[in-house]
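Report on the structure given below.
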Amino acid sequence: IGKFDFREIVEKGDKSIAEAKRYLFQAVINGILSIAAMDTEDQEIKDAFVIFDMDGSSIKQLNYLPSWVQFAELFGKYWDLVFQLLGRLVVINANYVTK
């Protein structure tokens with residue numbers, strides 16, 4: 001996550017943002033399918049354990065208002081889904097910006 005340049009994606013415009021959202025949704029769908037594949041009657045799995053590696057994150061990612069607008073839009077629409085699926089979240093390599 002930390003090395004992923006959200007700002008650059010947003011700066012490139014709507015086509016780039018749409019492509020990034022498509023990849024994000026593919027990752028979420030793959031996670032959901034993985035949970036469903038492991039779920040059994042004996043051992044019910046209802047959430048995910050996620051690790052975010054923030055190595056490489058920088059203030060550059062945070063000081064660009066259009067990126068915040070995109071984050072706010074995504075979280076506003078999908079906040080409930082995130083909390084339905086997320087069991088635990090661990091952040092590693094958290095630097096000043098991440099904290």
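In the chain, the calculated helix contribution to ellipticity at 222 nm averages -18500 deg cm²/dmol per residue, counting -39,500 (n - 2.57) for every DSSP H run with n ≥ 4. Sorting Tyr23, Tyr78, Tyr64 by accessible area puts them as Tyr23, Tyr78, Tyr64; the probe is 1.4 Å, largest comes first, and only protein heavy atoms count. Could you tell me how far the Cα centroid of the stretch 82-99 sits from the Cα centroid of the stretch 1-72, in Å? Taking the Cα centre of each part, the stretch 1-72 and the stretch 82-99 sit 12 Å apart. Split the accessible area of the chain by element, probe 1.4 Å, and carbon with sulfur accounts for 59%. For the chain, the longest principal axis of the Cα atoms and the long axis of helix 65-85 meet at an angle of about 10 degrees.
Looking at (1) 6.9; (2) 7.5; (3) 9.2, which value of mean projected area of the Cα convex hull in nm² comes from a calculation on the structure shown? Here mean projected area of the Cα convex hull in nm² agrees with entry (1).
Accessible surface ranking for Lys15, Lys60, Lys46, 1.4 angstrom probe, highest first: Lys15, Lys46, Lys60.
Binning the alpha carbon pair distances of the stretch 17-58 at 5 angstrom intervals from zero yields the distribution 5, 18, 17, 20, 18, 11, 6, 3, 1, expressed in whole percent.
Could you work out the relative contact order of the chain? I mean the mean sequence separation of Cα pairs under 8 Å and 6+ apart, divided by the number of residues, in percent.
Numbers: 90 pairs, mean separation 38.2, N = 99.
With pairs under 8 Å counted, the relative contact order is 39 percent.
The values are calculated or read from the model by the stated rules, or taken from the named source; none is laboratory data. Predicted model, so just to flag it, every value in this text is computed and none were measured. Keep in mind that these areas ignore ligands, DNA and RNA; they rest on the heavy atoms of the full protein, side chains included. Shrake-Rupley method; radii C 1.70, N 1.55, O 1.52, S 1.80 Å.
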